[in-house]
């Protein structure tokens, strides 16, 4: 089986650029695409309110469903993976890429913020995602329209 291409997306945004780039590369490389998102999980809250963590996972799954429907790439195998992140979303996505034996991790650009995932003010996506990366990383510039 061909190693997949991971398309890291934010299920709260309508930025299809990482998924679209991954689909284009998948067509050339004849590889499947894993549409992936990391969602925050705080272990102390999860231990007290496990339903809250499950709800965050369902929200991520719903966002991935919406983005997968918008992607609509015939001939490309696309599956989804919402992964919990107890710290850095970048680390969670790298762990997924490692576990999937991915040949490429495609990420999108981001705006400076301290977001719900604990981003560092002023840190951009590529700066956060390339923590200890062992697989190739591609950056998809954000598009305003598909």
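The values are calculated or read from the model by the stated rules, or taken from the named source; none is laboratory data. All values reported here derive from a predicted model rather than from experimental measurement. Neighbour counts are summed over all protein chains in view; Cβ atoms, including those assigned to glycine, are modelled from backbone coordinates with ideal geometry.
Quick notes
- Residue match in segment 14-35 (condition: closer than 17 Å to residue 88 by Cα, buried (at least 24 other Cβ atoms within 10 Å of the Cβ), under 11 Å from the mean Cα position of the chain (by Cα) and without any contact (Cβ under 8 Å) to a residue 60 or more places away in the chain): no
- Residues satisfying the stated conditions in segment 67-83, i.e. over 17 Å from residue 11 (Cβ atoms), out of contact with any helix residue (DSSP H, G or I) (no Cβ under 9 Å at 6 or more places or on another chain) and modelled with pLDDT of 90 or more: none
- Only a single criterion out of (1) assigned to a strand (DSSP E or B); (2) more than 26 Å from residue 136 (Cβ to Cβ) is not satisfied by residue 65, namely (1).
- Selection within segment 84-128 - more than 21 Å from residue 59 (Cβ to Cβ), at pLDDT below 60 and assigned to a helix (DSSP H, G or I): 126, 127
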